[in-house]
Amino acid sequence: MYLPQEIIRKKRDKIELSREEIQFLIQSYASGSVPDYQMAAFAMAVVLNGMSDIETAHLLTAMIQSGDRMDWSPLRKRSIPCVDKHSTGGVGDKTSLVILPLLVADGLAVPMVAGRGLGHTGGTVDKLESIPGFMAQPNAEQFRSWMLARGGAFGAQTDRFVPADKKLYALRDVTSTVESIPLITASIMSKKLAEDLDALVLDVKFGSGAFLQSMDSAEQLARSLVNAGKISGCRVEAALTNMDEPLGRSAGHACEVTECLDILQGAGAPDTRELSLQLAARAAVLGHQDKSADAHQRAYMRMKNHLQSGRAYEVFLDIATQQGAHLSALERSNTEWIDAGVVDVPVFAQDKIRQQIHSIETRALGLLLIEMGAGRLKKEDSIDHKVGLIHMKKVGEWVESGEPLCFLRLRKNDVRADKFQAVACKSFVLSPEKATQEPAPLIAKWIQ
Ligand code: URA
């Protein structure tokens, strides 16, 4: 028997914790005998003092063992490998909704357990729940039957599947305890390793909208994630990707779903489309164990074809309706669930001259979204799926005099529009001079 306050004190005083102490704390938190306030103190001590590699490994194991593990042997008997993609989190980061159907269209199975909003970033589960009828937090039996029937399903942490991450994730969201390599590693990899995967692609963000902004710290995180996967026998690769500006032109739940539906129907934001294709191609190479020299290029062409032929869109509709989504909501002509009750307010630059966007303070836009109602201030809060930022200009684009930088999608009765407009305006760094540097590439590096 250990005392939670003693474990917190040791972490506070930079004393290494044993496997038993970490196991005790995580099991006690998952079962409810350690309360949120003690776990929040522990998480803050980890953010401030870090964890050794061995402590991180114990934390990861304890989080996996807090619940059940999936078992996809029935799929493997049918020679279907199980793969997934997970991102460390960003603003407007919506590729999961495109990647899952791409991979299923490619003959792979994808048991995608995602998260809700975290810190200043949005979460896949919240995005999916903006679709009328969508059940994004199925129980284990539902999830399994959907997977076996369709080869793909979206899910979330539950009281039986990584319950420790379910609780700790929600707690970290509102206690400023996200930015920590050991906590992110244990959170992401507990979900992914409990998913029983053959292969995994990680999208590790760096830049002003990422949790770890410098490329160096993002690379450290990527290596920590990849090592955790390798030790467990899962084939893992990580891409370091640019989060210096929001991904795509929309951020906010329903707005992002529509951007993904556009991509699945052959249009949509080029950066989101390209990143989805690249990450899906990599996951397909790892999943099919294609070792040929041009494996990535061939997988990329197949992914493009799954989009162009409409096959990935069909798969998305099939999986979404299996999960309860109202098919009528996913038709382009039905915008009622997206725009009823909201108003789009333009955000203009202060100077009425032609200017170029040199950079975007992406984290500030993420925090603005929380204030607008798209994120949680407290664990218990419900969120507004409809509010968001749309038609956002991208870094390097020119804005003509009188042309909006973006639009705020707000509730019609929200009286804070002026304040929000000012914050959004300040987040776009503009100049009448042409930037001397080209915007950084979307994928900076692969870690294998
Ligand atoms: N995604 C997760 O699942 N957990 C984190 O801590 C960060 C991103």
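Things to note:
- Applying a threshold of 25 Å to the alpha-carbon distances of LYS304/LYS434; LYS393/LYS426; LYS378/LYS445 flags LYS304/LYS434; LYS378/LYS445 as lying beyond it.
- Backbone amide hydrogens, once placed in the peptide plane, bring MET112 within less than 5 Å of ALA153, GLY155, excluding anything fewer than 5 places away on its chain.
- Loop-located GluC sites (Glu not before Pro) in the range 316-414, at most 15 other Cβ atoms within 10 Å (DSSP): GLU331, GLU380, GLU397, GLU400
- Value of Rg/Rh across the chain [Cα atoms, Kirkwood radius]: 0.96
- Evaluating 6.51 cos²θ - 1.76 cosθ + 1.60 at θ = phi - 60° for every residue in the range 300-308, the Karplus couplings come out as 4, 5, 5, 4, 4, 5, 4, 6, 5 Hz, glycine and proline recorded as x.
- Panel order for LEU197, LEU75, LEU410, by other beta carbons found within 10 Å of each beta carbon, from fewest to most: LEU75, LEU410, LEU197.
- Karplus 3J(HN,Hα) series, Hz, for the range 277-293 with 6.51 cos²θ - 1.76 cosθ + 1.60 (x for Gly, Pro): 5, 5, 5, 5, 4, 5, 5, 5, 4, 5, x, 7, 6, 7, 9, 5, 4
- Residues ILE15, ILE181, ILE263, ranked from the fewest to the most other C-beta atoms within 10 Å, line up as ILE15, ILE181, ILE263.
- For the chain, averaging the sequence separation of C-alpha pairs within contact (under 8 Å, six or more residues apart) and dividing by the residue count gives a relative contact order of 19 percent.
- Of LYS393, LYS85, LYS352, the residue with the greatest mean-square motion in the GNM of the chain, using alpha carbon springs below 10 Å, is LYS352.
- Distant-in-sequence amide contacts of GLU397, defined by a placed amide H-H separation under 5 Å and a gap of 5 or more residues or a different chain, comprise ILE357.
- For the range 419-432, backbone phi angles converted through the Karplus equation (6.51, -1.76, 1.60; θ = phi - 60°) give residue-by-residue couplings of 5, 5, 4, 5, 5, 4, 4, 5, 6, 9, 8, 10, 8, x Hz, Gly and Pro being listed as x.
- Global geometry of the range 4-50, whether rounded, prolate or oblate, following the gyration tensor of its Cα atoms and the 1.5 cut on a/c: oblate
- Cα-derived Rg to Rh of the range 73-330, Kirkwood definition: 0.92
- Listed cross-link partners LYS94/LYS394; LYS379/LYS412; LYS94/LYS191; LYS85/LYS379; LYS192/LYS394 are compared with a 23 Å cut-off, the Cα-Cα value being larger for LYS379/LYS412; LYS85/LYS379; LYS192/LYS394.
Laboratory data are not the source of any read-out in this text; all were calculated from the coordinates shown. Just so we're clear, the structure is a prediction, and the values are computed from it rather than from any experiment. Cβ atoms come from the backbone with ideal geometry, glycine included; neighbour counts cover every protein chain shown.
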